[in-house]
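For reference, the structure discussed in these notes is given below.
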Amino acid sequence: MILNNLTDTTTLVISAIVMVFALMFHNVLQTWVAAKLGDARPKLSGFGRFEPQQQLEPLGVILLFVLGFGWPKMVPIQSRNYPGRGRKEALAWYAGPAAYLIVGFVSVLIGSILLAAGSPELYRAFLIASSYAVLHAVINLFPVFPLDGAMAALAWGNRSVRQFVEQLRQFGILGFLVVFLVLSYTGVIGVLQGFFLGIFQAILRLFGLF
């Protein structure tokens with residue numbers, strides 16, 4: 001959780017700024033992709049702008065600081081604007097996890113540049129912020145309502161997949177928390193986080209920045 005860094009003001013502030021931005025960027029990118037695919041409703045509803053009141057869900061922000069995982073308001077992607085639903089609508093939803101990965105990569109990049117400039121403290125802060133962003137990307141890939149992965153699965157998945165997502169949906173936020181805890185304690189989330197962070201580091205090594 002971000003509040004674990006109360007004794008490290010630099011990390012606390014940078015992680016908070018990066019992740020609040022990431023929540024908004026998640027919605028802005030989904031809105032942009034949706035518009036490119038023919039769904040203008042999110043953009044017309046104001047989700048294409050970096051406006052905290054429009055984008056941020058208060059409970060999601062609170063839990064971001066308390067639990068280390070939060071969420072913005074849900075982008076109103078309209079299924080009827082995607083003929084036959086399927087791949088195009090799923091791409092709009094998957095733009096959400098992609099947004100978090102972009103923020104994660106840019107955070108590692110900034111941290112690496114600062115480290116090269118002689119600021120290991122700032123490097124560490126941005127690396128921790130990146131890990132939070134990647135965590136959000138990983139979790140949102142899973143088909144558990146109300147995550148992006150669940151909405152994409154409902155759009156793109158076969159009948160069995162959609163039935164599975166709908167069954168989990170019946171448990172509401174409790175179902176999400178149970179799945180989240182199981183994935184955390186079994187190490188699945190940690191492995192996927194490490195995978196993406198490893199890719200970031202490999203890319204930066206190619207350019208001599210890590």
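Given the criterion over 22 Å from Ala34 (Cβ atoms) and buried (at least 21 other Cβ atoms within 10 Å of the Cβ), identify the matching residue among Val134, Val103, Val191, Val179.
Only one candidate qualifies: Val134.
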Open item on the list: Among the listed residues Val66, Val61, Val75, identify the single one that is aliphatic (A, V, I, L, M) and at pLDDT 95 or above.
Closed with: Val75
- [ ] Return the total of residues in the range 188-209 being at negative phi, of a type outside the set (Phe, Trp, Tyr) and outside any helix (DSSP H, G or I).
- [x] 1
Open item on the list: If I filter the range 157-170 for residues that are closer than 25 Å to Thr31 by Cα and modelled with pLDDT of 90 or more, do I get at least one hit?
Closed with: no
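Find the residue count for the range 185-210, including only residues that are within 18 Å of Leu67 (Cα to Cα) and under 16 Å from the mean Cα position of the chain (by Cα).
Matching residues across the range 185-210 total 3.
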- [ ] Read through the list (1) closer than 24 Å to Leu67 by Cβ; (2) over 17 Å from the mean Cα position of the chain (by Cα), then give the number of the only condition that Pro146 fails.
- [x] (2)
TODO: Find the residue count for the range 21-61, including only residues that are assigned to a loop (DSSP other than H, G, I, E, B) and not hydroxyl-bearing (Ser, Thr, Tyr).
DONE: 11
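Inspect all residues belonging to the range 91-101 and state whether any of them is under 16 Å from the mean Cα position of the chain (by Cα) and under 21 Å from Phe207 (Cβ atoms).
Within the range 91-101, the first condition is being under 16 Å from the mean Cα position of the chain (by Cα), and the residues that meet it are 91-101.
Now drop any that are not under 21 Å from Phe207 (Cβ atoms), which leaves 101.
The answer is yes, given that some residue of the range 91-101 is under 16 Å from the mean Cα position of the chain (by Cα) and under 21 Å from Phe207 (Cβ atoms).
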TODO: Could you list, in sequence order, all residues of the range 61-94 that are small (Gly, Ala, Ser) and touching a residue at least 24 places away in the same chain (Cβ under 8 Å)?
DONE: Gly68, Gly70, Ser79, Gly86, Ala90, Ala92
TODO: Read through the list (1) modelled with pLDDT under 95; (2) touching a helix residue (DSSP H, G or I) at 6+ places or on another chain (Cβ under 8 Å), then give the number of the only condition that Ala98 fails.
DONE: (1)
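How about the range 171-210: which of its residues are closer than 19 Å to Ser107 by Cβ and not hydrophobic (A, V, I, L, M, F, W, C)?
Of everything in the range 171-210, those that are closer than 19 Å to Ser107 by Cβ and not hydrophobic (A, V, I, L, M, F, W, C) turn out to be Gly190, Gln193, Gly194, Gly198, Gln201, Arg205, Gly208.
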- [ ] Kindly indicate whether Leu147 is aliphatic (A, V, I, L, M), farther than 25 Å from Ala34 by Cα, at pLDDT 90 or above and surrounded by 18 or more Cβ atoms within 10 Å (Cβ to Cβ).
- [x] no
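The values are calculated or read from the model by the stated rules, or taken from the named source; none is laboratory data. Just so it is clear, the model here is predicted, and its values are computed rather than measured. When we count neighbours, we look across all protein chains shown, and the Cβ atoms used for this are built from the backbone with ideal geometry, even at glycine.
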